[in-house]
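Quick note: the coordinates plus some simple rules give every number you see, no bench work behind them. Worth saying up front: this structure is predicted, and the values here are computed from it rather than measured. Don't worry about glycine lacking a Cβ; one is built from the backbone with ideal geometry, like all the others, and counts go over all protein chains shown.
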Amino acid sequence: MSLSLYNTLSRRQEPFKPLEPGKVRMYYCGVTVYDYCHVGHGRACVVWDVVRRYLTWRGYEVRYVQNFTDIDDKILNRSRQEGTTMEAISERYIAAYFEDMARLNIKEADEYPRATHTLDGIKRLIHELETKGFAYPSAGDVYYSVRKFPDYGKLSGQKLDERRMGASGRVSENEEAQKQDPADFALWKSAKPGEPAWESPWGKGRPGWHIECSAMVRECFADSASNHLGETIDIHAGGNDLIFPHHENEIAQSEAVTGKPLAQYWLHNGMVNVNGEKMSKSLGNFTTIRQMLDAPNAPEPMAVRMFILQAHYRKPIDFTDDGIAAAQNGWNILKAGLLFGHEYGERLGWTGSIETQADAIAQFRTVMDDDFNTSSALAVLFGLAKQLERASNLLIHEGETGEPSDLLESQWLTLVELASVLGLEAQPEPEQVPSISDAEIETLVAQRTEAKKTKNFAEADRIRNDLQAQGIQLIDKPGGLTLWHRS
RNA sequence: GGCGGCAUAGCCAAGUGGUAAGGCAAGGGUCUGCAAAACCUUCACCCCCAGUUCGAGUCUGGGUGCCGCCUCCA
């Protein structure tokens, strides 16, 4: 029984073997910080967070690095619009990123390299590419010559001669004219007047987009102790919209210099769709994470996480209000299960020395080992949570569960452990000062019972509604007995 | 045009060739003055056609439909 994962590079599921036994080097191509993150970013972050958590739970020592692209045309445009600096914009949205992702319970990466902090490494890499003949200067810019790299296209399956070239409206004719081949891409762009710029052997300018990741992987995973120079990492992850050209170009840059694979496994998450179309800025069909979580009737963050994990990470998911609402209902069950021990553990005399359930854990592991089948993993969680929710209801309604206490404890411990691997966690709410005391409730319940005896149902229902409005649920039992609980 | 992916119940969604996980919603039953809550319970032959096989949702070929990338993008 071993972990296997789908590798975009081979288009196959492969057994996972890290370069160094027990250790995993993982890099996730993060976001360009020119705006708030939307649900699509949220999905990617959740998915890779789960992969990272799972590998850790599986016993690997994981080094997880995620970059921020903080040099970019869109950031620049925004800073001009607002009359401020590129740095001010990126700082703002990096701070927002951390706020949003903390709400989704994304664990922080081990390192967050930024383009602006990687300039030396970027320039060194460009220089090496130039020395080896893969890069050429042109009117102040420096370009990568894709024809010099025979493997170009191995990740995306693109063949240079079969692509539609020059169809881009975004690339200026000027830039197009400076390239030896339309598929060549910029490693370094010369500064236009008024733009932020860094000194370089090619004049003042700024790095192209793709080069930062190549440089960051190299720097963040350089480890002289283990004889690795950051040449090859185990897992390189990102959205499937990055396969081409971004990841293809990263490979071209890094492997041209090192002659070694940049990453063993290339993993790509599917997109979040809206009405069947990809959520994206350009289509204007995006919802930011904070919009979603701060809306009236907003779902709980954990419900959103569950919504994301109900589908396989490589498939597209459709973002709809109904889907989120359904996930919220489902989360309520998991949450009830996760809170069970906090609410009833003491009352049930739990000892804390119970073992988890090996069969559920084995099942969870089997499905997660199969390219992170979180959908099936959730089914394992629901199996446990449903039983705990039932037990919880029985305690409220019958005063007993009919189940052995240590079985429940074992189920609960298992649920909590496995859920946390998926980053699904529920905290007991702090005790609130009740708006109405137990004694008052008892009095009202007694009054209602009297009213019922005299068939004064209007009064009985009034009391019931009043209590309901205060969050007190009445439960009429056979024989005229009425139980109540705070919901 | 090139590359890749997807099509499973009302909705979402897993699925290793041997008679379809899970979630949501819905229905029925018990209980109730009515209700709520709770408990019990019901609910698919897998886009179409052909083929391989003792046996296919699961493999092969063809068809239809949808999506992504080829331009910034998680």
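At-a-glance table
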| read-out | value |
| --- | --- |
| Label point distance in nm, A:GLU277-A:LEU160, each placed 7 Å from Cα along Cα→Cβ | 3.5 nm |
| Relative contact order, percent, region A:289-421 [alpha-carbon distance under 8 Å, six or more residues apart] | 30 percent |
| Pair A:HIS342, A:SER435: separation of 7 Å Cα→Cβ label points (nm) | 2.2 nm |
| Cα centroid separation, region A:104-141 to region A:373-421 (Å) | 49 Å |
| Neighbourhood net charge (12 Å Cβ-Cβ; Lys/Arg +1, Asp/Glu -1) for A:TRP350 | -3 |
| Global form of region A:289-421, assessed from the alpha-carbon gyration tensor, a/c cut-off 1.5 | oblate |
| DSSP-defined antiparallel bridges as percent of all bridges, chain A, nearest 5 | 55 percent |
| Residues in region A:57-95 that a label on A:ARG124 would reach, taking backbone N under 12 Å of a point 7 Å out along Cα→Cβ | none |
| Principal-axis tilt of helix A:457-469 within chain A, Cα atoms, nearest 10 degrees | 30 degrees |
| Counted charge near A:ASP234, where neighbours are those whose Cβ lies closer than 10 Å (Asp, Glu -1; Lys, Arg +1) | +3 |
| Calculated P(r) tail over 38 Å for chain A, as whole % of Cα pairs | 38 percent |
| Fully extended contour minus Cα-Cα distance, from A:ASP406 to A:ALA95, at 0.36 nm per residue | 107.5 nm |
| Ratio of the Cα radius of gyration of region A:438-486 to 2.2 N^0.38 Å, where N counts its residues | 1.02 |
| Which listed pairs, of A:LYS335/A:LYS452; A:LYS159/A:LYS260; A:LYS107/A:LYS335, have C-alpha distances above 29 Å, in listed order | A:LYS335/A:LYS452 |
| Full-stretch length increase - A:ALA222, A:THR443 - with 0.36 nm per residue and alpha-carbon distance subtracted | 72.5 nm |
| Contact order relative to length of chain A, as percent, for alpha carbon pairs under 8 angstrom and 6 or more apart | 15 percent |
| Protection proxy ranking, peptides A:55-66, A:82-93, average beta carbon neighbours within 10 Å, highest first | A:55-66, A:82-93 |
| Folded to 0 to 90 degrees: helix A:73-82 orientation relative to chain A principal axis, Cα | 70 degrees |
| Footprinting exposure proxy for A:LYS204, A:LYS315 (fewest neighbouring C-beta atoms within 10 Å first) | A:LYS315, A:LYS204 |
| Packing rank of A:143-153, A:427-437, where each peptide gets the mean count of other beta carbons within 10 Å, highest leading | A:143-153, A:427-437 |
| CD proxy at 222 nm, helix term only [per DSSP H run n ≥ 4: -39500 (n - 2.57); per residue of chain A; nearest 500] | -14000 deg cm²/dmol |
